[in-house]
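Report on the structure given below.
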């Protein structure tokens, strides 16, 4: 049985030493990222809900308020506008 040969990370990036001690990584990192303040982000996480509704979502919500999905014939259903009552 042979070991599968492929691209290793060391061969991919020959200019970066792979066995560098952590205290020696600080200077090259600060050169690559000069604005890094090394502060953890407080607002990090998954955003499940969008902050704003799109125009399409607004129009769709209005459509659902003004229409009803009902039977229009014995074999067919459709969206029908709700009748508006006029105030006198």
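What pairs come out if I take residues in the range 10-34 that are without any contact (Cβ under 8 Å) to a residue 40 or more places away in the chain and pair them with residues that are part of a helix (DSSP H, G or I) and surrounded by 11 or more Cβ atoms within 10 Å (Cβ to Cβ) whose C-beta lies under 8 Å away, six or more apart or interchain?
Matching pairs, first to second residue: 18/10.
Does at least one position in the range 46-56 carry a residue that is at pLDDT 90 or above, surrounded by fewer than 10 Cβ atoms within 10 Å (Cβ to Cβ), over 30 Å from residue 15 (Cβ atoms) and out of contact with any strand residue (DSSP E or B) (no Cβ under 8 Å at 6 or more places or on another chain)?
No, every residue in the range 46-56 fails to be at pLDDT 90 or above, surrounded by fewer than 10 Cβ atoms within 10 Å (Cβ to Cβ), over 30 Å from residue 15 (Cβ atoms) and out of contact with any strand residue (DSSP E or B) (no Cβ under 8 Å at 6 or more places or on another chain).
For the range 25-45, which positions are at negative phi, part of a loop (DSSP other than H, G, I, E, B) and surrounded by fewer than 10 Cβ atoms within 10 Å (Cβ to Cβ)?
Applying the first criterion (at negative phi) to the range 25-45 yields 25-37, 39-44.
Now drop any that are not part of a loop (DSSP other than H, G, I, E, B), which leaves 33-37, 39-44.
Matches in the range 25-45: 34, 35, 36, 37, 39, 40, 41, 42, 43, 44.
The values are calculated or read from the model by the stated rules, or taken from the named source; none is laboratory data. All figures in this text were calculated on a predicted structure; none of them were measured in a lab. Cβ: placed from backbone, ideal geometry, glycine included. Neighbour counts: every protein chain shown.
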